[in-house]
Amino acid sequence: MTVTLRRALAVTATTGVLLLAATACSQDSPTGQAPATASASSSASASGQPETSASASPSGADRSTPVDIRVTIDGQSVDATLNDSPAARDLASLLPLTLDLEDFHGTERIADPPRKLTTDDAPEPQAPKTGDLTYYSPWGNLAIFYKDGPSASQDLLVLGHIDADADLLSGADRITIEAEQPRTVDTATTNSR
């Protein structure tokens with residue numbers, strides 16, 4: 001019994017350290033949190049302990065935490081973010097992506113990702129605004145709105161936002177979306193201070 005208790009405490013301590021590290025790195029890296037959370041879930045499951053709330057689905061407030069991505073539209077870099085919804089995290093797992101865009105309905109540019117994205121635990125529907133990066137689940141396509149879209153729909157998931165001029169978005173032919181690279185800290189420089 002003592003060995004089981006020690007093992008459970010060791011796993012719990014390791015999980016806590018991983019979650020702290022993931023939290024500290026999450027401001028710098030969109031990918032920093034996913035591996036730590038997966039490790040924490042695996043460790044908890046392997047020990048027979050119930051999974052902690054950190055591995056559960058995020059609450060509505062957590063879904064709005066933006067994650068920076070790199071977006072290039074027709075060779076021009078623009079600022080962009082993904083929200084923290086399951087569908088946005090699923091899109092992030094496919095990065096980098098380069099997609100050819102086509103106009104749809106005089107409101108948005110659309111493209112097909114390599115596969116359909118998850119729609120599990122989707123956030124409340126929102127009406128898309130100019131610059132929103134969205135996912136239309138019935139067709140499985142991504143859409144970038146260059147005009148404000150129609151009213152909110154359960155089928156249209158807002159994944160993030162691209163900070164670009166409507167004129168650039170409306171004429172876009174090709175988009176490249178990449179994950180932001182984690183910032184590295186030179187420990188030799190940091191430790192010498």
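Got a sec to turn the phi values of segment 111-116 into Karplus ³J(HN,Hα) couplings, 6.51 cos²θ - 1.76 cosθ + 1.60 with θ = phi - 60°, whole Hz, x for Gly and Pro?
Karplus-based 3J(HN,Hα) across segment 111-116 equals 7, 9, x, x, 8, 5 Hz.
What's the ranking of 156-169, 69-82 by average number of surrounding C-beta atoms within 10 Å, highest first? The partial results should precede the final answer.
Working: 156-169: 18.9, 69-82: 16.9.
Highest to lowest by the protection proxy: 156-169, 69-82.
So for segment 141-184, Kirkwood radius off the Cα pairs, Stokes-Einstein at 4 °C and 1.567 mPa s: how many µm² s⁻¹? Write out the running numbers ahead of the final one.
Numbers: Rh = 12.9 Å.
For the chosen part, D equals 101 µm²/s.
Here, each number is a calculation from the coordinates, and none is a lab measurement. Because the structure is predicted, anything quoted here is derived from the model rather than measured. Cβ coordinates were reconstructed from backbone atoms using ideal geometry, including for glycine residues, and neighbour counts include every protein chain displayed.
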